[in-house]
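The values are calculated or read from the model by the stated rules, or taken from the named source; none is laboratory data. These numbers come from a predicted model, not from an experiment. Cβ coordinates were reconstructed from backbone atoms using ideal geometry, including for glycine residues, and neighbour counts include every protein chain displayed.
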Amino acid sequence: MKRAFTGLRKEILNIIETSQNPISAKVIQGKLSLKPDTSTIYRALKFLQEKELIVSLNTSKNIQYFYSANKPYSHFILCNECSKIEPFYDCVAFHVQEKIEREYEYKILDHFFYFIGVCKDCQNKQ
Ligand SMILES: [Zn+2]
Ligand SMILES: [Zn+2]
């Protein structure tokens, strides 16, 4: 039982690390060879987060997404229809960050945001 759980953690970590985009627990569940219940998956995800191997992202759609801590994403686009999420790398916030630092007298350490839209696949379905 204990060994199976360790195997599960490893399998989940592997799924997250090889995924191109951040993924939800539901998608992870679908990719697992054994089909453990959601609470078992969430326990494994919590463990991996505590070990700082993965990062979670909460969105307004009430879905939590997970991605590898090796990928320092900070900008995403989220599809409002199918809930797919993708990182993007064009930083648009740099100048805003400087302005906010001056105006609010904060030392900004990082920024993190996502755009909500409709992905190409979902647009084609409409
Ligand atoms: Zn979509
Ligand atoms: Zn940025």
Subject >> Criterion (farther than 25 Å from GLU11 by Cα, within 16 Å of ligand 1 (Cβ to nearest atom), among the charged types (D, E, K, R) and in the same structural domain as ALA25 (by TED's automatic domain parsing)) met by exactly one of LYS125, LYS120, LYS61 >> reply: LYS61
Subject >> Any hit, segment 87-94, residues being surrounded by 12 or more Cβ atoms within 10 Å (Cβ to Cβ) and touching a strand residue (DSSP E or B) at 6+ places or on another chain (Cβ under 6 Å) >> reply: yes
**OP:** Scan segment 40-59 and give yes if some residue there is surrounded by fewer than 13 Cβ atoms within 10 Å (Cβ to Cβ), assigned to a loop (DSSP other than H, G, I, E, B) and away from ligand 2 (no atom under 16 Å from the Cβ), otherwise no.
**Re:** yes
Subject >> Near pairs, Cβ below 6 angstrom, 6+ apart or cross-chain, from segment 92-116 (in contact (Cβ under 8 Å) with a residue 12 or more places away in the chain and within 25 Å of ASN58 (Cα to Cα)) to any residue that is assigned to a loop (DSSP other than H, G, I, E, B) and within 16 Å of ligand 1 (Cβ to nearest atom) >> reply: ILE116/ASN80
Original post:
Since ASN14 meets every condition but one in (1) in contact with a strand residue (DSSP E or B) (Cβ under 6 Å, 6 or more places away or on another chain); (2) surrounded by fewer than 16 Cβ atoms within 10 Å (Cβ to Cβ), which condition does it not meet?
Top reply: (1)
Original post:
Restricting the search to segment 82-106, which residues are assigned to a loop (DSSP other than H, G, I, E, B), modelled with pLDDT of 95 or more and either within 16 Å of ligand 2 (Cβ to nearest atom) or on the phi < 0 side of the Ramachandran plot (or both)?
Top reply: TYR106
